[in-house]
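Asker: I'd like to ask you about the structure that follows.
Where a number appears in this text, it was derived from the coordinates with a stated rule and is not lab data. Note that the structure is a prediction, hence the values are computed from the model and not measured. Here Cβ is always computed from backbone atoms with ideal geometry, including for glycine, and neighbour counts include all displayed protein chains.
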């Protein structure tokens, strides 16, 4: 693999040239599981925990910015630094964690993609049983992801995910606005002055919601995305900071919007079933487009 060419912001569209690895963190870090976590927290606790989205995003921004400074200063990724300073123990411990995590997470994501894709296509159109439909759509989504990364590389992956996160952000924010939440409750929820049901599961749900604003393991990938985008010099540190700031601002707003939606559209079930149930409730609240948005 040839060394990446240092990134230089385009003159015409400087913002489009700046956003890159940070937005990928936002796009890949807020997955189906995180949406389910935020939905469950919102349905249980309401908008009183909106402040947790901002707090979690701030923590992840600080961590990502520190990783960017480390990599630019040392020209090593965080994993390479761990190997250098902590030895093989760090590598072995990471592999022991990564291998089972990969299988479990990938299985959950494939299942979630299958469920959501099936929910978007009416039963009488696909003509498949729900369980078979879930498997087929899950496999199809996995193959699309494989082809995207295998043949397209970082550049195509970055472009597709940037468009995807824009669509996802617009849809979720639009849905939250269409539900017409109470502005006073929203402002109150953004202030860290309350934690409802803290002794009956509220604390656990809030921490899970806070951690879901941007993936943890995804942050490790940020080092390699920085390298692929050519951000290797001190001059790129400011760009990396702006990129991460945009990314985690979007992540926080996304998490806030999901909680607002969940608090207004009370679904039933848990996990993927809760999301599809919320879609049915939204269809009744704001019309047929509510489910698909």
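Asker: Please find, among 86, 67, 45, the residue that is crowded, with 22+ Cβ neighbours inside 10 Å and over 24 Å from residue 137 (Cβ atoms).
Answerer: Among 86, 67, 45, only 45 is crowded, with 22+ Cβ neighbours inside 10 Å and over 24 Å from residue 137 (Cβ atoms).
Asker: If a residue must be assigned to a loop (DSSP other than H, G, I, E, B) and without any contact (Cβ under 8 Å) to a residue 24 or more places away in the chain, how many such residues does segment 160-181 contain?
Answerer: So the answer is 1.
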